[in-house]
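A.B. asks: Here it is: the structure, laid out below.
The values are calculated or read from the model by the stated rules, or taken from the named source; none is laboratory data. Keep in mind the model is a prediction, meaning the values are calculated, not measured. Every residue, glycine among them, receives a Cβ derived from its backbone with ideal geometry; neighbour counts consider all protein chains shown.
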Amino acid sequence: MSNPRILLLGPPGAGKGTQSKNIVDTYGVEHITTGDALRANKDMETEYGKPREFMEAGDLVPDPVVNEIVTAALADADGFVLDGYPRNMSQAEFLDEHADLDIVAFLDVGREELIKRLTGRRVDPETGDNYHVEYDMPEDDAIADRLVQRDDDTEETVRDRLDVYDENTKPLIEFYEERGLLERIEGDQTPDEVWEDLRVAIEGAVADDE
Ligand code: ADP
Ligand code: ADP
């Protein structure tokens, strides 16, 4: 299969990071994630202020900052999985001008489950891998001991981020549906079940294209 160009769409906590890892391991494509890039540059001075100021409030970082991150990453990528971008209509239109997509996979998960997933999320600072206090702790104690909680995974900020998603990002579902790119994946299953459905959808979309 030629290098797929995949967009993972879904609310915070839907499993985009978790499934991106499967995609990278299976297809060897580039993982383009604005969230990780911004976390690594939280205190960067931009003409709008520091990314940290927006992220800690659960708000979107201004479009020119994220668009620049994505432009640079796309220039180096053949196939890719986009995770956490675009998050509003203006970013989607920008992306449209800079890349072709094979599939937009929408990970569909209900709000209460998202709150449980996000407040229980823990991150390995060395690898960036995501775990969960109830659903998915590492077997290795050395890894378990070094896990941290993201600043924005507190219940209050999580609710704000879900509201920001409903207002800004949700309309993209229809945008990609109209373009015939959208595949809805039942995200409220085990990670392995989600991956199985996602893999089948990706392979179907790329086969249709060839
Ligand atoms: P996103 O990148 O969409 O915000 P993550 O992949 O970081 O989401 O997942 C959010 C949290 O939910 C993490 O703690 C992760 O371990 C957990 N998680 C991911 N997929 C599932 C799933 N299918 N079932 C239960 N928990 C999951
Ligand atoms: P999640 O796990 O909630 O999907 P991310 O790691 O993707 O979170 O994003 C964390 C924060 O980084 C967001 O709440 C937002 O402040 C900022 N961010 C990430 N991607 C974008 C984007 N495409 N546009 C604007 N802000 C973004």
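A.B. asks: Would you mind stating whether Val164 is β-branched (Val, Ile, Thr), more than 17 Å from Tyr85 (Cα to Cα) and outside any loop (DSSP other than H, G, I, E, B)?
C.D. replies: Considered against the rule, which asks whether it is β-branched (Val, Ile, Thr), more than 17 Å from Tyr85 (Cα to Cα) and outside any loop (DSSP other than H, G, I, E, B), Val164 comes out as no.
A.B. asks: Please work out if Asp100 is farther than 29 Å from His132 by Cβ, surrounded by fewer than 17 Cβ atoms within 10 Å (Cβ to Cβ), touching a residue at least 60 places away in the same chain (Cβ under 8 Å) and not polar (S, T, N, Q).
C.D. replies: yes
A.B. asks: Run Glu155 past the list (1) over 22 Å from Ser20 (Cα atoms); (2) within 16 Å of the chain's Cα centre (by Cα) and report the number of the one that doesn't hold.
C.D. replies: (2)
A.B. asks: Determine which single condition Arg87 fails, assuming it passes every other condition in (1) touching a residue at least 12 places away in the same chain (Cβ under 8 Å); (2) part of a loop (DSSP other than H, G, I, E, B); (3) over 14 Å from the mean Cα position of the chain (by Cα).
C.D. replies: Result: Arg87 passes all but (3).
A.B. asks: Could I ask something else about it? Can you find, within segment 126-155, the residue that is surrounded by the fewest Cβ atoms within 10 Å (Cβ to Cβ) among those that are of a type in the set (Gly, Ala, Ser) and assigned to a helix (DSSP H, G or I)?
C.D. replies: Ala142
A.B. asks: Taking Glu203 as the residue in question, decide whether it is within 13 Å of ligand 1 (Cβ to nearest atom) and either part of a helix (DSSP H, G or I) or loosely packed, with under 15 Cβ neighbours inside 10 Å (or both).
C.D. replies: Against the criterion (within 13 Å of ligand 1 (Cβ to nearest atom) and either part of a helix (DSSP H, G or I) or loosely packed, with under 15 Cβ neighbours inside 10 Å (or both)), Glu203 does not qualify.
A.B. asks: Return yes or no: is Thr26 among the hydroxyl-bearing types (Ser, Thr, Tyr), out of contact with any strand residue (DSSP E or B) (no Cβ under 9 Å at 6 or more places or on another chain), within 22 Å of Gly128 (Cα to Cα) and more than 8 Å from ligand 2 (Cβ to nearest atom)?
C.D. replies: Yes, satisfied.
Table: residues versus (1) within 21 Å of Ile69 (Cα to Cα); (2) charged (D, E, K, R); (3) buried (at least 19 other Cβ atoms within 10 Å of the Cβ).
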site: Met89; (1), (2), (3): yes, no, no
site: Arg111; (1), (2), (3): no, yes, no
site: Arg121; (1), (2), (3): no, yes, yes
site: Asp124; (1), (2), (3): no, yes, no
site: Pro171; (1), (2), (3): no, no, no
site: Tyr176; (1), (2), (3): no, no, yes
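A.B. asks: A further question follows. Before we move on, is Glu193 at negative phi and touching a strand residue (DSSP E or B) at 6+ places or on another chain (Cβ under 6 Å)?
C.D. replies: Spelling it out, it is not the case that Glu193 is at negative phi and touching a strand residue (DSSP E or B) at 6+ places or on another chain (Cβ under 6 Å).
A.B. asks: While we're on this one: Go through the residues of segment 72-84 one by one and say whether even a single one is within 13 Å of ligand 2 (Cβ to nearest atom), closer than 20 Å to Ile32 by Cβ and at pLDDT below 95.
C.D. replies: Yes, there is a match, as at least one residue in segment 72-84 is within 13 Å of ligand 2 (Cβ to nearest atom), closer than 20 Å to Ile32 by Cβ and at pLDDT below 95.
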